[in-house]
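Step one of this worksheet: look at the structure below.
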């Protein structure tokens, strides 16, 4: 379908028809799937009908069980009550049949198959019995307990979300947080500002600090304070307490007046400027740098630029959940078909930017059960208030992205994968080749990442020159990175620093020891081994050339 079709801007209908035609061309595969479904459903009916007749919980092994990470069916009634058990298993089997049918369709290219399967799963998630009040034991129990007051509160929440949240179920109680008051509170000052960034220098907490400053480049898709939420989980505070003279880039929330900014502008005005200013303030010849998510992709581009121009401004680089090889970037590719890209670019041409709300909706769909349907059930069927959770507050504080930058990023990285190809990209006429980067790197991925799949992140070990220490944290794109010491159930995998990385990520994982706790202390030790010199902490932020212009967290972070 055309990208101008308002009913199918992502081209899902056309892709689905392609898969359906493939199924009809080889109907035996479809019939095989249906036969498997019928046989499994018969097993479920026999198991639960007997239990219902005897008035007892179902016995024996179920035909199908939810994924351990699927929290929708955690109420004991889904297992102990034969009617709910049959409903649960029937839904899970039907979902499996739908997805298996897509997998078995012959003559469909892999990209189309993955996209159709993603949206098919979105449909199945929407059809879950947990989203229907009379099929959800949690809702039934709360209705009996409250005499139906949950629906009254739910209606009030519907009205509030229509008024305050563009009709979307509110993820968080936004009134519970204020940037600079109870999130982003680490003391510091803005010591540099241009049209795109504010550079924040944080107040040292140690009398002696490492001479080489630390510069952090966060993603600009959200705001920098994911790294400075609360004192207990602030990476910024952790780094400062470890004796680091810590600087963080705070990206501007661009409007249409900055629509012309390119990827090269982000490289030059962002990390290249930040490392130069931080080095000048610290009186150092170079810095240690960190890039998180798309900030890491940008940092890698900047490092390749510095390598080609023979500028030694960065001593070591650390990457948090950052992609430089987009061969398999995960389910986000479902939103990047030709029709979808044309639709995105058409909207950006009209607005000058991609709105933060649209970007947030895309990422929420990658975890629809947790960030859409579970939220809707809690808000509208159970009548619960939105939680006061710092991470969800940050997640809701979305930012806009300039048209030129975002179009380049989607097409050059996701579609063409040009960053992984030597000299396929340029910054101001300087060819970009990641293989020319020759410095020690520390690369962290997370095992359940939906945005930067860890095996794709691992490709950095073969693309960037120098010695790469690879670490795999547990959990997802945020929780696996914001993993301070003392956090419950934290684990990570990694061989001793200096161990060779095999080409195959699964071979690496098979040989990597599992460690209890946070990977943060391991990173601290790794960086300390490459940071011999210490100096007295400066008496105040900035320098004569770079006087403070505002207190942290600055002004750009407050733009909405």
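The values are calculated or read from the model by the stated rules, or taken from the named source; none is laboratory data. Please read these numbers as outputs of a predicted model, since none were measured by experiment. Virtual Cβ from ideal backbone geometry, glycine too; neighbours counted across all protein chains shown.
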Problem - Number of positions in region 498-519 that are farther than 26 Å from residue 235 by Cα and part of a helix (DSSP H, G or I) - result: 6
Problem - In region 389-407, residue farthest from the chain's Cα centre (by Cα) [restricted to those that are under 23 Å from residue 352 (Cβ atoms) and not in a helix (DSSP H, G or I)] - result: 402
Completion exercise
When every residue in region 334-387 that is touching a strand residue (DSSP E or B) at 6+ places or on another chain (Cβ under 9 Å) and outside any loop (DSSP other than H, G, I, E, B) is compared, the one surrounded by the fewest Cβ atoms within 10 Å (Cβ to Cβ) is 347
Problem - Matching residues, region 220-252, being part of a loop (DSSP other than H, G, I, E, B) and surrounded by fewer than 20 Cβ atoms within 10 Å (Cβ to Cβ) - result: 230
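The rows are residues; the columns are (1) at pLDDT 95 or above; (2) closer than 28 Å to residue 237 by Cα; (3) more than 14 Å from the chain's Cα centre (by Cα); (4) in the same structural domain as residue 231 (by TED's automatic domain parsing).
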position	(1), (2), (3), (4)
445	yes, yes, no, yes
453	yes, yes, no, yes
463	yes, no, yes, yes
475	no, yes, no, yes
486	no, yes, yes, yes
492	yes, yes, yes, yes
496	no, yes, yes, yes
Practice task
Return yes or no: is residue 295 crowded, with 23+ Cβ neighbours inside 10 Å, more than 26 Å from residue 178 (Cβ to Cβ), under 18 Å from the mean Cα position of the chain (by Cα) and assigned by TED's automatic domain parsing to the domain that holds residue 526?
Solution key: no
Practice task
Scan region 514-560 for residues that are over 27 Å from residue 279 (Cα atoms), without any contact (Cβ under 8 Å) to a residue 40 or more places away in the chain and either out of contact with any strand residue (DSSP E or B) (no Cβ under 7 Å at 6 or more places or on another chain) or surrounded by 11 or more Cβ atoms within 10 Å (Cβ to Cβ) (or both) and jot them down.
Solution key: 514, 515, 517, 518
Problem - Members of region 49-81 that are outside any loop (DSSP other than H, G, I, E, B), under 21 Å from residue 139 (Cβ atoms) and touching a helix residue (DSSP H, G or I) at 6+ places or on another chain (Cβ under 9 Å) - result: 71, 72, 73, 77, 78, 79
Handout entry: Matching residues in region 253-288 - criterion: being on the phi < 0 side of the Ramachandran plot and part of a loop (DSSP other than H, G, I, E, B)
Key = 253, 254, 255, 259, 260, 261, 262, 284, 285, 286
Completion exercise
Filtering region 455-482 down to residues that are in contact (Cβ under 8 Å) with a residue 60 or more places away in the chain and not in a loop (DSSP other than H, G, I, E, B) yields 455, 456, 457, 460, 463
Problem - Candidate set from region 128-172 (those that are at pLDDT 95 or above and not in a helix (DSSP H, G or I)); member that is surrounded by the fewest Cβ atoms within 10 Å (Cβ to Cβ) - result: 147
Exercise for the section: Please verify whether region 103-113 includes one or more residues that are within 22 Å of residue 81 (Cα to Cα), more than 31 Å from the chain's Cα centre (by Cα) and touching a residue at least 60 places away in the same chain (Cβ under 8 Å). Expected result: no
Practice task
Identify all residues within region 408-427 that are under 23 Å from residue 352 (Cβ atoms) and not in a helix (DSSP H, G or I); write none if there are none.
Solution key: 427
Fill in the blank from the handout: Restricting attention to region 543-560, the residues that are touching a helix residue (DSSP H, G or I) at 6+ places or on another chain (Cβ under 8 Å) and in a loop (DSSP other than H, G, I, E, B) number exactly 4
